[in-house]
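Trainee: I have a structure I would like to understand better, so I am pasting it below and will then ask my questions one at a time.
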Amino acid sequence: MSGQILGLHHITAIAGSVQINYDFYTRVLGLRMVKKTVNFDDPATYHFYYGNKEGTPGTILTFFPWEGVGPGKPGVGMATEISYTVNPDNYEFWENRFREFNVKTGEKIERFGELYLPFSDPDGLFFTLVIPAKPDERKGWETPEVKSDNAIKGFYNTTLTLSKIDETAKVLTDILGYHLQSQEGNRYRFVTDAISTACTIDLLEDPEGKRGRNSAGTNHHIAFRVADENTQMAYQEKVMAKGLQITPKINRDYFYSVYFREPGGVLFEIATDNPGFTIDEPLAELGTNLKLPKQYEPSRKEIEGILPKLKQ
Ligand code: ZN
């Protein structure tokens, strides 16, 4: 397993309200907030992480909630859909729950023999639930309202919308170890065999589509998962060898990151499993304390004064 890209690590999106974002993901979807920190490049903004109990890579959705920011526009050069897996027979539970909380949903979509239940978050970020053909054994976080049997398990895949898929497909196959599994119309499904969950990426070719605009309700980047920094550095070399620009290794406290923009315009990151979310608070307390990177710790009082209030 080591030395390979292990599917998705996390996806990062933008939200327009701290409290609405928190309530939707923890209460309606029943995910666990596994880290409450700040944007390391802008400490007046929160950075929220939602996932399963441990915040296992492949379950982590993160947000920069920019209070009051206007809506973005999903489109070409972006991740435009995130799919989460649930257990077989869970759709009724989720359809009822979405109705109860006035969540925007759509007609079920069939793709590659699988049925997808579409819904959007309060900012319009687009999701689907999927019951995958091959059952997902991961255990989701349990809340008083969303018991383990119905819980969201983690990512199934994400869809990237591109005006032309060829160059992005090459990055997936020639650098990241994915292969084309199937095609339906303008949707091309790529999979890696290195791991059995969060191992799928769909490329949607939309030659007439408009470029997306990043703001609330859109995805900012997607991160691929590697076991450790040595593997990450090997991928950094591979990306450079293909003539693409990539950042140096950046310490994100909970993982190490490198970033590059793939030729179709989507921002890609490669992030490590180490050190993980329990580096600065115990498993039982994940997400309950405001954690700051050490450069901002001396300014904690001011930062806490500036950050919007969050009721947890
Ligand atoms: Zn990231």
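Trainee: Does at least one position in region 286-308 carry a residue that is part of a strand (DSSP E or B) and more than 14 Å from PRO43 (Cα to Cα)?
Mentor: no
Trainee: Condition first: within 16 Å of the ligand (Cβ to nearest atom), touching a residue at least 12 places away in the same chain (Cβ under 8 Å), outside any helix (DSSP H, G or I) and aliphatic (A, V, I, L, M). Can you find one or more residues in region 227-235 that meet it?
Mentor: no
Trainee: Could you say which residue among THR80, THR12 is within 16 Å of the ligand (Cβ to nearest atom) and farther than 16 Å from GLN312 by Cβ?
Mentor: None of the other options fit; the residue is THR12.
Trainee: Any idea which of (1) out of contact with any strand residue (DSSP E or B) (no Cβ under 6 Å at 6 or more places or on another chain); (2) farther than 22 Å from ASP136 by Cα is the one GLU95 doesn't satisfy?
Mentor: (2)
Trainee: Under 8 Å between Cβ atoms, which residue pairs at least 6 apart in sequence (or on different chains) link something in region 255-273 that is without any contact (Cβ under 8 Å) to a residue 24 or more places away in the chain with a partner that is within 12 Å of the ligand (Cβ to nearest atom) and assigned to a loop (DSSP other than H, G, I, E, B)?
Mentor: Pairs that qualify, where the first residue is without any contact (Cβ under 8 Å) to a residue 24 or more places away in the chain and the partner is within 12 Å of the ligand (Cβ to nearest atom) and assigned to a loop (DSSP other than H, G, I, E, B), are PHE260/THR247.
Trainee: Only one residue in LYS108, LYS73, LYS147, LYS164 is in contact with a strand residue (DSSP E or B) (Cβ under 7 Å, 6 or more places away or on another chain) and without any contact (Cβ under 8 Å) to a residue 24 or more places away in the chain, so which one is that?
Mentor: On inspection, the qualifying residue turns out to be LYS108.
Trainee: Go over the candidates TYR46, TYR91, TYR50, TYR25 one by one and state the one that is within 29 Å of LEU292 (Cα to Cα), away from the ligand (no atom under 16 Å from the Cβ) and touching a Leu at 6+ places or on another chain (Cβ under 9 Å).
Mentor: Of TYR46, TYR91, TYR50, TYR25, the one residue that is within 29 Å of LEU292 (Cα to Cα), away from the ligand (no atom under 16 Å from the Cβ) and touching a Leu at 6+ places or on another chain (Cβ under 9 Å) is TYR25.
Trainee: Collect the residues in region 53-77 that are of a type in the set (A, V, I, L, M) and either within 14 Å of the ligand (Cβ to nearest atom) or buried (at least 21 other Cβ atoms within 10 Å of the Cβ) (or both), keeping them in residue-number order.
Mentor: The answer is ILE60, LEU61, VAL76.
Trainee: Among the residues of region 257-281, count how many are in a loop (DSSP other than H, G, I, E, B), surrounded by fewer than 20 Cβ atoms within 10 Å (Cβ to Cβ) and either within 15 Å of the ligand (Cβ to nearest atom) or small (Gly, Ala, Ser) (or both).
Mentor: Final tally of qualifying residues: 2.
No value in this document is a laboratory result; all are computed from the given coordinates. Being a predicted model, the structure only gives us computed values, none of them experimental. Methodologically, a virtual Cβ is constructed for each residue, glycine included, from the backbone with ideal geometry; neighbour enumeration extends over all protein chains shown.
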